[in-house]
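Undergrad: Below are the structure tokens for one structure; questions will follow.
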Amino acid sequence: MDITPESVASLLNSEDYGDRLTGINQLRELDPKAAFPLMQPVINDSNVRVRYAAVSQMSSLGVVDREKSLELLRDRLRNESEADVQAAAADALGGLKLTEAFPDLVAIYRQTEEWLVEFSVIACLGEMGDPRAYDLLVEAVNSDNHLVKTVAIGSLGELGDQRAISVLQPLVTDSDWQVRSRLVQALDRLGGETSHRLLQQLAEDEVEQVAEEAKRILNTSTER
């Protein structure tokens, strides 16, 4: 049976949430311009699994209408009751680089008690590359949550603000090797003489995975 806008619309209007989930998955088979209008109603579906599936597709379908996508994702970020859907909304905002939502993302980070939402907001801000995010990312590097801390390191690297190097420097001796591993990647993105020196230190790291990655980056930079 061919997948058409009409057949997908029928699934999305079904009272069975399983049918609606199937319809959301089948939207991938349609032209984005046809899929986007069909997606909009199910973003506010009564079933959390359906809402999550719909919001998760917005990073690809949202390019059809960025203004409408901003409106829909802002609503889920502000008014969603489930943390995983809120997190998916933040992910989509980052994927679409909708920097207009920056104030909303900061507000949600301040308000939420859900680590998953904090994680997605910090990852989103790095992906957006908005320079306004610097102070919040520095704050997140000091988070008590390991996953939020590591993603903040990566996001500072993505942001590319050279001030981050002095913030990240103490992490060369962090007790968590995963933090040091993420630090290697961030320093590679930030570049510069100080980053190079810190990478030389990390190339002597006691954890082979960290040391080898630092050596690879140093070797690559030498060949340039």
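The values are calculated or read from the model by the stated rules, or taken from the named source; none is laboratory data. In this text, all values refer to a predicted model and were calculated from it rather than measured experimentally. Virtual Cβ from ideal backbone geometry, glycine too; neighbours counted across all protein chains shown.
Undergrad: As an exercise: evaluate Ala203 against (1) touching a helix residue (DSSP H, G or I) at 6+ places or on another chain (Cβ under 6 Å); (2) small (Gly, Ala, Ser); (3) surrounded by fewer than 16 Cβ atoms within 10 Å (Cβ to Cβ) and give the number of the one condition it does not meet.
TA: Failed condition: (3).
Undergrad: Also, quick follow-up: Can you say whether Glu80 is within 16 Å of Asp91 (Cα to Cα) and either in contact with a helix residue (DSSP H, G or I) (Cβ under 6 Å, 6 or more places away or on another chain) or without any contact (Cβ under 8 Å) to a residue 40 or more places away in the chain (or both), as far as the supplied structure shows?
TA: yes
Undergrad: Are there any pairs, at least 6 apart or on different chains, whose C-beta atoms fall under 9 Å, with the first in the range 97-117 and more than 18 Å from Glu127 (Cα to Cα) and the second outside any helix (DSSP H, G or I) and of a type outside the set (A, V, I, L, M), and if so, which?
TA: So the pair list comes out as Trp115/Ser143; Trp115/Asn145.
Undergrad: What are the residues in the range 140-187 that are closer than 24 Å to Arg110 by Cβ and free of Cβ contacts under 8 Å to residues at least 12 places away in the same chain, if any?
TA: Listed by number, the residues that qualify are Asn142, Asp144.
Undergrad: Do you know which residues across the range 22-53 are more than 21 Å from Asp91 (Cβ to Cβ) and not in a helix (DSSP H, G or I)?
TA: Hits for the range 22-53 are Leu30, Asp31, Ser46.
Undergrad: Using the structure shown, decide if Ser195 is polar (S, T, N, Q) and either at pLDDT 95 or above or over 29 Å from Asp144 (Cβ atoms) (or both).
TA: yes
Undergrad: Looking for something surrounded by 15 or more Cβ atoms within 10 Å (Cβ to Cβ), at pLDDT 95 or above, within 20 Å of Gln185 (Cα to Cα) and of a type in the set (Lys, Arg) - is there at least one such residue anywhere in the range 73-89?
TA: No, the range 73-89 has no match at all.
Undergrad: For the range 1-24, enumerate the residues that are modelled with pLDDT of 95 or more and acidic (Asp, Glu).
TA: Listed by number, the residues that qualify are Glu6, Glu15, Asp16, Asp19.
Undergrad: Can you find, within the range 133-172, the residue that is surrounded by the fewest Cβ atoms within 10 Å (Cβ to Cβ) among those that are touching a Lys or Arg at 6+ places or on another chain (Cβ under 6 Å) and small (Gly, Ala, Ser)?
TA: The extreme case among them is Ser143.
Undergrad: For a quick check of your reading of the model, give me the residue pairs whose first member lies in the range 7-29 and is within 15 Å of Val55 (Cβ to Cβ), whose second is charged (D, E, K, R) and part of a loop (DSSP other than H, G, I, E, B), with beta-carbon atoms closer than 7 Å and at least 6 apart or on different chains.
TA: These pairs meet every condition: Arg20/Asp45.
Undergrad: For the range 137-224, please list each of the helices (runs of 4 or more DSSP H) lying entirely inside it that holds at least 2 residues being under 17 Å from the mean Cα position of the chain (by Cα).
TA: 146-159, 177-190
Undergrad: Right, next: Of all residues in the range 82-136, which are acidic (Asp, Glu), part of a helix (DSSP H, G or I) and out of contact with any Gly (no Cβ under 9 Å at 6 or more places or on another chain)?
TA: Hits for the range 82-136 are Asp84, Asp91, Glu100, Asp104, Glu118, Asp135.
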